[in-house]
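Data first, discussion second: the structure below is written as C-alpha cells.
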Amino acid sequence: MKLIPDWRQARRYWSVRLAVLTAAVAALESALPALREALPAHWYGLAAVLIALARVVQQTPRHHQQD
C-alpha cells in the first residue's frame, strides 16, 4: 500500500471528512436511540454514495490550488 503524496493533508479531503462523519454517526447511533429514529433506514447507503462521489472529484488542498 502506498500513501498519497500529501497524506498529511488528507483531513482536507471531502471523502475523508464524510467517512469520518459517517463513522461518528454510526458510533453515536448505538448510544443515542433518538438518533437511530431520526435517520432514515438507508442512510448508510446514501453516505457511501456521497463518499464515492467525493472521492472521484479532484481534491486539491487549498494551499496547492492556484488562483
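In segment 39-48, what residues are of a type in the set (A, V, I, L, M, F, W, C) and either within 9 Å of the chain's Cα centre (by Cα) or loosely packed, with under 11 Cβ neighbours inside 10 Å (or both)?
If we filter segment 39-48 for residues that are of a type in the set (A, V, I, L, M, F, W, C), which is where we start, we get 39, 41, 43, 46-48.
Passing the criteria: A41, A47, A48.
Would you check which residues across segment 12-38 are exposed (fewer than 11 other Cβ atoms within 10 Å of the Cβ) and either touching a residue at least 40 places away in the same chain (Cβ under 8 Å) or of a type in the set (S, T, Y) (or both) and list them?
Filtering segment 12-38 down to residues exposed (fewer than 11 other Cβ atoms within 10 Å of the Cβ) leaves 24, 27, 30-31, 33-34, 37-38.
Listed by number, the list holds a single entry, S30.
Just so you know, all these numbers are worked out from the coordinates, no wet-lab data involved. Note that the coordinates shown come from a computational prediction; the quantities given were computed from them, not determined experimentally. Methodologically, a virtual Cβ is constructed for each residue, glycine included, from the backbone with ideal geometry; neighbour enumeration extends over all protein chains shown.
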